[in-house]
Amino acid sequence: MFFMKNIILKLTNYVKLLVLILFFSILFDLAFNFILAEKFKKKIGISLNYSLFSEKYHHEIAPNIAVNEFWGNKNIKIYTDKNSLRILKNQKVFYETSENNIAFVGDSFVWGSGINYEDHFINQLNSNYNFLNLGYISYSPSIYYKKIENLLVDKNITIKNLFLFLDTTDVWDEGLAYREDINGNIVNNFKTNEENKKKIKKYLFKNYLKQNSFLYKFYEIYFRSIFRRSDDVKKCLNDKEDNFSKYLSWERLSYSYDRDLLNSPWVKKGKRKSIYYLDKIAKISKEKNVKLTLVLYPSAIEILKQIPENESLHMSFFRNWAKNNSIDYLNFYKILNKHPSGLKNYKEFFILCDIHWNENAHKVIGSAINTHLANSKF
């Protein structure tokens, strides 16, 4: 009995010691980061540490970062400017004082997930203009509008042309993921107003830790990024039959060709809300004398399943909106369907076992936008 009590006492003392060490480690960590210059802190960690909760936009990337991003086996460098726009290393930013600006807004395709920014379609364009990348991961029309409004109204930045990339996942996001609250902020649709208010307080503290704690950065690098890479991706890469559709056939991508989903509540709501925000974007563009161009493109699964352009429900629905509102639109269905084989097109233009464009796709898209700009009148 005495022996057991002695063991328990020692274990208790060890736990107390560990708690004490952890407490002082956290204290030192936060104190050191408090005095460390901001420009040094934002070079430490990975992009996940700087993907932050946003009261206005639901989420956003932090400004002035220069960190790595893990994407499969690739290590990509991410740089942002003071307005949280993705830029090249040491890129000089002039758009705030210039009238020679062209902006691109969209989700991860515009942000450039999975590729080095040197290979992004924006950096394939002729440099007669300042090009602004307003895209970020999992953005959708409601956030596009808020970002554009912030650019044109709050920051009073002049732009000549706005390219709006509309992804098939946008309907899912608007139908299920996001809603606008009474204050005009984009919030989590799955939470009540009260829950979202509590989330703001919680995540403001979490945002601080993500950017200002070495311990938190270590946690996100090794436990959220390295150790939690998708098993499905690994299985897909090892699939000798190249059966990519098996791993990429997600419901949020399927509404564009699966007619059984047409009457789903999330599809109806998502399309209705998308049009609502597209109308607002068109209105503010007209008021600010901005030439709006809608950009439509097939999803990876449409490519693999060889869905013809005229059978894409996504393409036809939003192309009709553009035509009915006299909005120019670009159609990338043809350039990403270069070959008769869907598998061959996927392998040429997409990151394997992923839904995002590779460097080849960015190259041909950049060329198409260059041609469009050369033929456009501002």
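Taken together, the values in this text are just the output of simple stated rules run on the coordinates, not laboratory data. Just so you know, these numbers come straight off a predicted model, no measurement behind them. Heads up, the Cβs are rebuilt from the backbone with ideal geometry, glycines too, and the neighbour counts pull from every protein chain shown.
Overview of results
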{"item": "Under the span-like rule (Cα at least 30 Å along the axis, Kyte-Doolittle mean at least 1.6), DSSP H helices of the chain", "result": "2-35"}
{"item": "Cα-based Rg of the chain normalised by 2.2 N^0.38 Å, two decimals", "result": "1.11"}
{"item": "Pair-distance profile P(r), taking every C-alpha pair of region 253-359, with 5 angstrom steps and integer %", "result": "2, 11, 19, 20, 18, 15, 10, 4, 1"}
{"item": "Three-way shape call for region 48-106 based on the alpha-carbon gyration tensor, with the a/c threshold at 1.5", "result": "oblate"}
{"item": "Summed side-chain charge close to E60 - residues other than E60 whose Cβ falls under 12 Å, Lys, Arg +1, Asp, Glu -1", "result": "+3"}
{"item": "Region 62-180 - percent relative contact order, Cα under 8 Å, separation 6 or more", "result": "27"}
{"item": "Coil-residue GluC sites (Glu not before Pro) of region 241-326, DSSP, other Cβ within 10 Å capped at 11", "result": "E241"}
{"item": "Loop GluC sites (Glu not before Pro), region 145-209 (other Cβ atoms within 10 Å of the site Cβ: 12 or fewer; DSSP)", "result": "none"}
{"item": "Pairs beyond 25 Å (Cα-Cα), from K56/K280; K77/K201; K269/K334", "result": "K77/K201; K269/K334"}
{"item": "DSSP loop trypsin sites (Lys or Arg not before Pro) with at most 10 other Cβ within 10 Å: longest gap in the chain", "result": "93-227"}
{"item": "Full-stretch length increase - W71, E251 - with 0.36 nm per residue and alpha-carbon distance subtracted", "result": "62.5 nm"}
{"item": "Gained length - K234 relative to N207, 0.36 nm times residue gap less alpha-carbon distance", "result": "6.6 nm"}
{"item": "Length-normalised contact order for the chain - Cα pairs under 8 Å, 6+ apart - percent", "result": "18"}
{"item": "Relative contact order (percent, whole number), region 284-378, Cα cutoff 8 Å, 6+ residue spacing", "result": "29"}
{"item": "Dimensions in Å of region 134-206 - Rg and Dmax from alpha carbons", "result": "14.0, 40"}
{"item": "Sparsely packed chymotrypsin sites (Phe, Trp or Tyr not before Pro) within region 149-193, loop by DSSP, other Cβ within 10 Å at most 14", "result": "F190"}
